[in-house]
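Below is one structure, written out as structure tokens, with a few remarks after it.
The values are calculated or read from the model by the stated rules, or taken from the named source; none is laboratory data. Because the structure is predicted, anything quoted here is derived from the model rather than measured. Cβ placement follows ideal geometry from the backbone for every residue including glycine, while neighbour counts extend to all protein chains displayed. Just the protein is used for accessible areas: all its heavy atoms, side chains included, with ligands, DNA and RNA removed. Shrake-Rupley method; radii C 1.70, N 1.55, O 1.52, S 1.80 Å.
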Amino acid sequence: MPIEIPADNVGLVSPQIAQFDEALPLRSGRSLAEYQLVYETYGTLNAGRSNAILICHALSGNHHAAGYLSMEDRKPGWWDACIGPGKAIDTNKYFVVSINNLGGCHGSTGPTSLDPATGRRYGPDFPIMAVRDWVKSQARLADRLGIEQWLAVVGGSLGGMQALRWSIDYPERLRGCAVIAAAPKLSAQNIAFNEVARQAIVSDPDFHEGHYYEHNTKPRRGLMLARMLGHITYLSDGSMREKFGRDLRTGKLNFNFDADFEVESYLRYQGENFSDHFDANTYLLMTKALDYFDPARDFDGDLAACLAQARCRFLVSSFSTDWRFAPERSEEIVKALMRARKAVSYLEIDAPQGHDAFLFPIDEYVRLIGGFLASLTAGGKH
Amino acid sequence: MRPDLEYISQWIKPGSHVLDLGCGDGSLLDQLRQHKAVTGYGLEIDTQNILECVRKGVDVVHRDLNDGLDDIDDQSFDTVIMTQSLQQTRKPDAIVEAMLRIGREAVVTFPNFGHWTVRSYLSIHGRMPVSENLPYTWYETPNIHFFTFRDFEVLCRERGIKILTRTVVDRNHKSNWRIQMLPNFLGEIALYHMTR
């Protein structure tokens with residue numbers, strides 16, 4: 001519980017809901033007849049409506065990016081380190097919008113929602129979302145909020161892919177695009193990790209082909225394993241060594257299959273905690289959206305030709321110890337942008353935290369984002 | 001405008017696409033953007049410099065020039081610039097070749113290790129020169145290749161590189177008739193404008 005809310009925190013926040021009755025055609029060929037998006041906003045939209053920043057979340061993220069939901073709330077939103085008064089994404093200057101993506105499990109229409117066609121929960125029948133579908137739904141929310149052009153669209157990891165997609169699909173609707181710890185498409189190794197995570201879920205006897213809600217259960221073990229696996233890929237070898245080393249929980253080897261090492265117990269805790277709060281069908285769907293993301297595919301694999309659509313300025317950033325989306329993956333984006341003669345800046349930040357680094361308030365990183373956003377404001381409308 | 005930037009600026013056509021190798025805090029690109037409406041990028045290795053470029057709105061890409069420039073397309077820039085960094089690279093000749101592969105023209109500036117003070121320091125003291133202009137001791141200097149104007153021009157001749165203009169100045173970027181008479185002896189900094 002925050003006894004006292006710090007001065008650089010956005011304070012108490014509450015989510016809002018936007019209902020959409022116009023069908024959303026999806027990349028899969030299916031469509032969502034109606035849907036709702038849950039979102040939070042921080043800061044104030046200026047009179048010129050020119051200071052709005054969209055935050056796109058990653059695989060297991062949601063709309064609650066900053067502030068506290070109540071005075072009893074133990075932890076602030078997932079990117080509170082970077083969003084708030086005086087922070088990199090300064091809510092004294094900017095109007096920040098953070099959305100829970102469709103297919104999510106935190107309030108936006110997703111597998112746990114009721115399908116109006118059947119009156120039952122969508123479950124596994126919820127359409128698989130592509131990154132471009134999310135971006136389209138986000139654009140509709142922007143229309144609703146009266147935001148014709150974002151000052152910037154910002155995202156890390158899968159969120160960075162959404163930001164990149166924005167620049168391609170709605171080039172006139174953003175002035176800046178910050179693509180952090182992302183990749184232009186997943187590698188075979190990335191997809192392999194996602195597949196193991198999915199298999200962990202679908203092979204759980206409690207999965208019931210995705211209809212576990214009707215059996216009043218959930219594939220807790222599978223989701224836990226998926227998260228444990230994912231979590232390893234978010235950390236670096238060095239950060240795990242630093243954090244856990246070979247520390248033993250009871251100070252001795254127990255010669256059984258319980259968690260001897262601290263790292264085992266940490267992963268189990270993370271996995272269990274996650275499986276309590278996250279929906280397995282959403283996890284499956286989010287990993288598929290990652291696997292499918294490949295904007296260059298529409299341009300015979302030529303990313304530069306694809307990014308030729310873009311009009312905004314780009315900031316690309318990576319972290320030295322990230323091996324999930326290593327710096328080389330960000331450099332692929334940078335090279336394509338340079339080839340397409342787009343305005344781009346790139347920095348690889350020296351950070352020990354691995355992929356997770358994008359959530360930390362690392363000094364250079366905070367200054368990078370803050371500087372980029374400030375330069376967009378100084379530049380005037382394009 | 002910084003005097004060396006002013007010299008360089010003369011050689012840059014308005015609206016051209018430029019690449020600045022080792023762009024530092026982005027001052028040159030910032031000036032060229034404002035006065036010549038250029039587009040393009042700086043390549044820079046130092047994080048603090050990169051942050052300063054981003055703050056200024058100068059496009060900068062994090063890169064160690066010693067990793068080469070092989071991934072940049074042939075003739076994809078009008079001019080490739082490198083100020084006061086060539087002597088710090090591992091393979092200066094490869095960099096110069098690459099500059100004229102990816103750019104139609106190149107601009108290079110570097111300090112002259114043939115300046116009379118450097119020559120006399122070495123011959124009198126028998127030690128590697130340390131001066132106001134070259135303030136580093138031998139073991140901590142970032143300058144790992146020492147060369148003179150004449151050395152550079154020999155390299156250009158051998159590699160078939162055409163020098164369009166050469167300007168030789170002192171450390172304050174001033175020139176006079178003495179420097180023009182004996183550039184390799186009296187000049188401290190040279191600015192070369194080159195093409196193939």
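Just so you know, the Rg over Rh for the stretch A:140-190 is 1.06, from Cα atoms, with Rh as the Kirkwood radius.
Using the Cα atoms of the stretch A:1-109 to build a convex hull, what is its mean projected area in square nanometres?
The Cα convex hull of the stretch A:1-109, projected and averaged over all directions, gives 7.9 nm².
Working from Cα pairs under 8 Å separated by at least six residues, relative contact order for the stretch B:1-117 is 24 percent.
Of the Cα atoms belonging to the stretch A:170-314, the radius of gyration and Dmax stand at 19.8, 62 Å. Residues whose amide H falls under 5 Å from that of B:Val61, counting only those 5 or more places apart or on a different chain, are A:Tyr346, B:Gly42, B:Leu43, B:Glu44, with hydrogens built in the peptide plane. Peptide A:78-85 shows a mean partner chain C-beta count of 0 within 10 Å per residue C-beta.
Near the amide H of A:Ala52, within less than 5 Å, lie the amide hydrogens of A:Phe95, A:Leu151, all on another chain or at least 5 residues away, with H placed in the peptide plane.
Two numbers describe the Cα atoms of the stretch B:3-195: Rg and Dmax, which are 16.5, 50 Å. Of the heavy-atom accessible surface of the stretch B:3-195 (probe 1.4 angstrom), what whole percent is carbon and sulfur? So the carbon and sulfur contribution to the accessible surface is 51 percent. Using θ = phi - 60° in the Karplus curve 6.51 cos²θ - 1.76 cosθ + 1.60, the 3J(HN,Hα) couplings for the stretch A:58-68 round to 8, 3, 10, x, 7, 6, 7, 8, 8, x, 10 Hz; x is entered for Gly and Pro.
In loop segments of the stretch B:106-196 as defined by DSSP, the GluC sites (Glu not before Pro) with at most 16 further C-beta atoms inside 10 Å of their C-beta are B:Glu132, B:Glu140. Between A:Leu253 and A:Arg49, take the C-beta separation as r, use R0 = 56 Å, and let me know the FRET efficiency to the nearest 0.05. Calculated transfer efficiency: 0.35. Take the Cα of A:Ala305, go 7 Å toward its beta carbon, and none of the backbone nitrogen atoms of the stretch B:60-86 fall under 12 Å from that spot.
Return the whole-Å distance between the Cα centroid of the stretch A:31-51 and the Cα centroid of the stretch B:29-48. One Cα centre to the other: 35 Å. Using a probe of 1.4 angstrom and keeping all protein chains present, the accessible surface of chain B works out to 48 square angstrom per residue. Entry note, the stretch B:3-195: relative contact order of 19 percent, from Cα contacts under 8 Å with a spacing of 6+ residues. Using a 1.4 Å probe over the heavy atoms of the protein chains, calculate the carbon and sulfur portion of the accessible area of chain A as a whole percent. Within chain A, the accessible surface is 50 percent carbon and sulfur.
Amide H of B:Ser85: which non-local residues (sequence gap of 5 or more, or other chain) have their own amide H closer than 5 Å, using H built in the peptide plane? Answer set, sorted by chain and number: B:Thr109. Put simply, the C-alpha atoms of the stretch B:78-181 give a gyration tensor, and the ellipsoid matching it has half-axes of 25, 17, 12 Å, longest first.
Per DSSP H run of at least 4 residues, take -39500 (n - 2.57); add these up for the protein assembly as shown, divide by its residues and hand me the 222 nm value, nearest 500 deg cm²/dmol. Estimated from H runs of four or more residues: -10000 deg cm²/dmol.
Roughly how many whole Å is it from the C-alpha centroid of the stretch A:234-269 to that of the stretch B:123-167? Cα centroid to Cα centroid, the span is 55 Å.
Residue by residue along A:327-333, Cβ atoms of other protein chains within 10 Å of the local Cβ number 1 on average.
Computed with a 1.4 angstrom probe on protein heavy atoms, the B-A interface buries about 1800 square angstrom of accessible area in total.
For the stretch A:112-263, what does the accessible surface come to per residue with a 1.4 Å probe? Please give it in Å². So the stretch A:112-263 comes to 45 Å² accessible per residue, rounded to a whole number.
Viscosity 1.306 mPa s, temperature 10 °C: give me the Stokes-Einstein translational D for the stretch A:210-249 in µm²/s, with Rh taken as the Kirkwood radius over C-alpha pairs.
Using the Kirkwood radius from Cα pairs, D works out to 128 µm²/s.
Couplings 3J(HN,Hα) for the stretch A:201-217, derived from phi with the Karplus relation 6.51 cos²θ - 1.76 cosθ + 1.60 (θ = phi - 60°), are 6, 6, 8, 6, x, 7, 6, 6, 6, x, 9, 5, 4, 5, 9, 6, 9 Hz, where x marks Gly and Pro. Classify the stretch A:137-255: rounded, prolate or oblate, from the alpha-carbon gyration tensor (a ≥ b ≥ c, eigenvalue square roots; a/c under 1.5 rounded; otherwise prolate if a/b is larger than b/c)? Because a/c hits 1.5 or more and a/b fails to exceed b/c, the stretch A:137-255 counts as oblate. Annotation: extensible slack from A:Arg74 through A:Asn92 equals 4.1 nm (criterion: 0.36 nm per residue apart, minus Cα-Cα distance). Set against the 2.2 N^0.38 Å expectation for a compact globular protein, the protein assembly as shown has a Cα radius of gyration ratio of 1.13. For chain A, the relative contact order works out to 17 percent when only alpha carbon pairs closer than 8 Å and six or more residues apart are counted. Here the extension length gained between A:Glu148 and A:Arg297 equals 50.8 nm, from 0.36 nm per residue of separation less the Cα-Cα distance. Once the partner protein chains are put back, the stretch B:51-73 shows a loss of at least 50 square angstrom of accessible area, versus the chain by itself, at B:Leu51, B:Val54, B:Asp59, B:Val61, B:His62, B:Asp71 (probe 1.4 Å, ligands and nucleic acids excluded). A simple rule links phi to the HN-Hα coupling: the Karplus curve 6.51 cos²θ - 1.76 cosθ + 1.60 with θ = phi - 60°, which for the stretch A:249-266 gives 5, 10, x, 8, 6, 9, 6, 9, 9, 6, 6, 7, 8, 4, 4, 5, 5, 4 Hz, with x for Gly and Pro. For chain B, the longest principal axis of the Cα atoms and the long axis of helix B:149-158 meet at an angle of about 60 degrees. Between A:Arg120 and A:Asp363, residue separation times 0.36 nm minus the direct Cα-Cα distance comes to 82.7 nm. Counting Cβ atoms of other protein chains within 10 Å of each Cβ in A:339-347 and taking the mean gives 6.
With 24 Å as the limit, write out which pairs from A:Lys136/A:Lys288; A:Lys75/A:Lys136; A:Lys243/A:Lys335; A:Lys87/B:Lys56 have Cα-Cα distances beyond it, or answer none.
Values: A:Lys136/A:Lys288 18 Å; A:Lys75/A:Lys136 31 Å; A:Lys243/A:Lys335 35 Å; A:Lys87/B:Lys56 19 Å.
Beyond 24 Å: A:Lys75/A:Lys136; A:Lys243/A:Lys335.
With Rh defined as the Kirkwood radius, the inverse of the mean 1/r over Cα pairs, the Rg/Rh of the stretch A:54-128 is 1.10. Considered as an equivalent ellipsoid built on the Cα gyration tensor, the stretch A:12-66 has semi-axes of 25, 15, 12 Å, the largest given first.
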